[in-house]
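A short write-up of the structure that comes next.
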Amino acid sequence: MLTLEGAGFTTVPALAPLSDALAPGELVAIVGPNGAGKSTLLGLLSGFRPPEQGRVCLDARPLADWLPEALARRRALVAQQVRPSFDWTVRELVALGSEAGPAQVAESLAELDLTALAERTLTGLSGGEAQRCMVARALCQLDGGDPGSLLLLDEPTSALDIGQQQRLMRLLRRLADQRGLAVVCVLHDLNLAARYAHRVWLMQQGRRIAAGPPGEVLGAGRLARVFGAELHEARVAAGEPPALVLAR
Amino acid sequence: MIGRHSGFPDRQALNGLVLALLAAWLLAAFSGSLGLSPRLLLGDWPTPLDWQVWWQLRLPRLLLATLVGAMLAGSGAAMQGLFRNPLADPSLLGLASGAGLAVALWIVLFDASGPLGLYGQFAAGFLGALAVCLVVFRLGRGGPGQEALFTLLLAGLAINTLAGAFGGLLAFLASDEQLRQLSLWGMGSLAHALWPAALGALLCIPPALWWLCRCARGLDLLQLGELTAHGAGLDAPALKRRVVLATTLGVGVCVALAGIIGFLGLLVPHCLRLWLGPGHRLLLPASMLGGALLLLVADTLARTLASPAEIPVGLLTSLLGGPYFLWLLMQRRRSC
C-alpha cells in the first residue's frame, strides 16, 4: 500500500534514506527520543514534505502525483497539539475538510466519546478533548476508513488521561484490525507502543535504528542506550510484552 | 434568532442581509442634501436637475459605496482566515496605507487627471498593497500565537508610520492642486464618485469578491494548521497566492477610489463571526453584504448629518471602529 523506497531528506531536519512498506491492517508506532526525527518522518509519509531522495508511493504511485482531493480521501493526518484558530463548535470542526454527511460526522463523534460535546465550542474544551476532536475529524475525512486508507497521528495521546489513552489506542487498533486501515502513530509512551502496535520503528538522530514487533525492538537495554534512561522490564502476563518502568 | 445555534439555515442569514442592504439602498438613494422623492422610481421625474443629480452623482456613489464596503469587509474576513488571526485587517496591517502611499506617489509624480489617471491610480494602489502584503505575510507567518500577533500588529504599525512619513513628504513636494487632491482623497471619502470610478470598481471588485468566495473551503481548512490542512487535501501555497492577489487587487482599487476607510475589514467580519460562526463559506459572503450595508449607511450619514457639507466617511468608520478595536484588545487581554 504505502511504500518507502530509499526516501529521506538531506537538508535539516535530515532523515536517513528509509525503505519499508506499510500493509493494510497494520498499526505502526514510531518511537524515539526528542529530536530523533519522528515528526519529520511523519511529514515524509504524509507527503507534506516531498522526499529529497528516493520516493514515497501510495498504491505504487508517488504521493506527489496524486490529486490533493483524491489523496485526502485515502490519507488523513492528526498533527501535534493543534488548536484551530477561531471558535468552531466540535461538530463544525469534525466536519471540516470532509465530504461525509451528518451520519458520518455523528459516527466519528461517537467513536471518540464526543457526542455530548458536539455543540460546545473549542474554547471551552480541555486539551485532551480538543485532541480527540482532531482524531474524530481525521476519521470523518476518511469517511470512517475504508480498507487501505492511511491514518497518520503525531502524539495523539499526549494530552489524554490514561482512560482516554486506552480508549484511543483500542480504537486505533480496531480500525487497523477490523477495517483494514494502516495506522502510523508517533508515541512517547513506550508501553502504549508495546501494547497496541503491530510493529515499532525506533528512531535516533534522524535514522531508523530498529524496526519490528514490539517485543524485539523495545528491549530495556536498547532503550536505555537510545534514550539515556535507566529502565526495568516488568513481566505483566504470559504472551504480552513486558512493561517498561523507569528506575528510581 | 438567526445564527449558528438557532437551527436556521445559512441561506436565511444571507437573505436577511440582502434585504437590509436593499432597504439601505432605498434610504440612501432618496436622502441627501437634495431630497428626492421615491416617485422617481416610477418615472415621475420632478425636474431635469433631480434626474441629473440622481443619475450622475447619487447612483454611482451608491454603487461605489456598496462595492468598496463589500471589498473591504470581504478582504478583512479573508485576511483574518489567511493569517489565522481575528485582528488582521487591511488598514491595521498597513495594506491600505501602502496602497495609499503608492496612489499619492502616482498623483504627485504623474498626471492623475482623466480616466487614464484614474486607472493608473488603480494600478498604483494594487502594487502598493501587494508590496506591503508580501512583507507582512513573511513577518506574520506562524499561526495564531501571541508572538505572531504582535509581529503582525507591529509590522502594520511600522508600515503605517512609514507610509505616513512618506505621505507627508509627498504633500510637501506637491503643487497646490495636487495637495488639494491628496488631502480630499486621503481622508477617505466617496464624495468624488462619478461613473468612471464606479465602472472601474465594477470591473475590478466583483471578480475579486467572487475569487475570494471560491477560497472559502481552503480558508476553513487552513484553520487546522498547514500540516493538517495539507493532509485534508489543501494546496496551501496556491490558496495563499489566490487570497493575497484578490485582496490586494480589491483593497488597492478601493484605496485608489475612496482613500483609506479604516476598520471596516476588522469590525464587520468579527461581528458576523460571533453571530454566524467561523466557517468561511458563510462568513465571506455575509461579510461582503455586511460591509456594503455598513458603508452605505455610514456614507448616507456622512452626506446628511452636516448637510449641505459632508463629513469624510473614513472619519465616521474610524470613529466607530477605533473604540471597537480597543474593546476587542481588552477582551483578548481578559481571555488570556
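The values are calculated or read from the model by the stated rules, or taken from the named source; none is laboratory data. Everything quoted here is computed from the prediction, not taken from an experiment. All Cβ positions, even for glycine, are placed from backbone atoms using ideal geometry, and neighbour counts span all protein chains on display. The protein model used for the area step is the full one, side chains on, heavy atoms only, and it has no ligands, DNA or RNA in it. Shrake-Rupley method; radii C 1.70, N 1.55, O 1.52, S 1.80 Å.
Name the residues in the range A:180-218 that are of a type in the set (S, T, N, Q) and over 16 Å from the mean Cα position of the chain (by Cα), would you?
Within the range A:180-218, A:204, A:205 qualify.
Go through the range B:169-183 and count every residue that is closer than 17 Å to residue B:260 by Cα and in contact (Cβ under 8 Å) with a residue 12 or more places away in the chain.
5
Pick out the one residue from B:132, B:136 that is more than 14 Å from every other protein chain (Cβ to nearest Cβ), modelled with pLDDT of 80 or more and on the phi < 0 side of the Ramachandran plot.
B:132
Can you confirm whether residue A:40 is of a type in the set (S, T, N, Q) and open to solvent by 10 Å² or more (accessible area, probe 1.4 Å)?
Judged against the criteria, residue A:40 is a match.
From A:206, A:215, A:148, grab the single residue that is open to solvent by less than 50 Å² (accessible area, probe 1.4 Å) and at pLDDT below 90.
The conditions single out A:148.
Taking the condition of a type in the set (Ser, Thr, Tyr) and under 19 Å from residue A:78 (Cα atoms), does residue A:19 pass?
No, not satisfied.
Just give me the residues in the range A:78-93 being farther than 12 Å from residue A:135 by Cβ and small (Gly, Ala, Ser), in sequence order.
Within the range A:78-93, just A:85 meets the criteria.
Quick one: in the range A:121-140, of everything that is over 15 Å from the mean Cα position of the chain (by Cα) and of a type in the set (S, T, N, Q), which residue is modelled with the lowest pLDDT?
Per the stated criteria, the residue is A:123.
Tally the residues that are open to solvent by 50 Å² or more (accessible area, probe 1.4 Å), assigned to a helix (DSSP H, G or I) and more than 23 Å from residue B:81 (Cβ to Cβ), restricting the search to the range A:98-126.
Result for the range A:98-126: 6.
So which of A:79, A:95 is crowded, with 17+ Cβ neighbours inside 10 Å, touching a helix residue (DSSP H, G or I) at 6+ places or on another chain (Cβ under 6 Å) and within 12 Å of residue B:231 (Cα to Cα)?
On inspection, the qualifying residue turns out to be A:79.
Could you identify the single residue in B:295, B:289, B:222 that is of a type outside the set (D, E, K, R), closer than 24 Å to residue B:204 by Cβ and open to solvent by less than 10 Å² (accessible area, probe 1.4 Å)?
Matching residue, one of B:295, B:289, B:222: B:295.
Give B:163, B:229, B:208, B:197 a once-over and let me know the one that is part of a helix (DSSP H, G or I), open to solvent by less than 20 Å² (accessible area, probe 1.4 Å) and either touching a strand residue (DSSP E or B) at 6+ places or on another chain (Cβ under 9 Å) or within 14 Å of chain A (Cβ to nearest Cβ) (or both).
B:229
Does residue B:239 meet the test of being in a helix (DSSP H, G or I), farther than 28 Å from residue B:10 by Cα and hydrophobic (A, V, I, L, M, F, W, C)?
No: the conditions fail for residue B:239.
Of all residues in the range A:8-33, count the ones that are aromatic (Phe, Trp, Tyr) and open to solvent by 20 Å² or more (accessible area, probe 1.4 Å).
Within the range A:8-33, residues that are aromatic (Phe, Trp, Tyr) and open to solvent by 20 Å² or more (accessible area, probe 1.4 Å) number 0.
Restricting to the range A:141-150, count the residues that are over 17 Å from the mean Cα position of the chain (by Cα) and either aliphatic (A, V, I, L, M) or part of a helix (DSSP H, G or I) (or both).
Within the range A:141-150, residues that are over 17 Å from the mean Cα position of the chain (by Cα) and either aliphatic (A, V, I, L, M) or part of a helix (DSSP H, G or I) (or both) number 0.
Six or more apart or on different chains, Cβ atoms under 6 Å: show the pairs whose first residue is in the range B:61-88 and away from chain A (no Cβ under 14 Å) and whose second is among the acidic types (Asp, Glu) and in a helix (DSSP H, G or I).
Partner pairs satisfying both residue conditions: B:65/B:299.
Would you be able to tell me the number of residues in the range A:214-240 that are part of a loop (DSSP other than H, G, I, E, B) and either touching a Phe, Trp or Tyr at 6+ places or on another chain (Cβ under 8 Å) or over 17 Å from residue A:188 (Cα atoms) (or both)?
Residues meeting the conditions: 6.
Just one of A:136, A:130, A:106, A:118 is under 28 Å from residue A:47 (Cβ atoms), in contact with a Ser or Thr (Cβ under 8 Å, 6 or more places away or on another chain) and more than 11 Å from every other protein chain (Cβ to nearest Cβ); which is it?
Result: A:136 is the single residue among A:136, A:130, A:106, A:118 that is under 28 Å from residue A:47 (Cβ atoms), in contact with a Ser or Thr (Cβ under 8 Å, 6 or more places away or on another chain) and more than 11 Å from every other protein chain (Cβ to nearest Cβ).
Give just the number: which of (1) of a type in the set (A, V, I, L, M, F, W, C); (2) under 22 Å from residue B:131 (Cα atoms); (3) more than 14 Å from chain A (Cβ to nearest Cβ) does residue B:238 not satisfy?
(3)
With the structure loaded, tell me whether residue A:64 is at the interface with chain B (Cβ under 10 Å from one of its Cβ atoms) and surrounded by fewer than 24 Cβ atoms within 10 Å (Cβ to Cβ) or whether it fails that test.
no
Restricting attention to the range A:73-96, which residues are at the interface with chain B (Cβ under 8 Å from one of its Cβ atoms), in a loop (DSSP other than H, G, I, E, B) and touching a residue at least 12 places away in the same chain (Cβ under 8 Å)?
A:79, A:82, A:83, A:84, A:87, A:88, A:96
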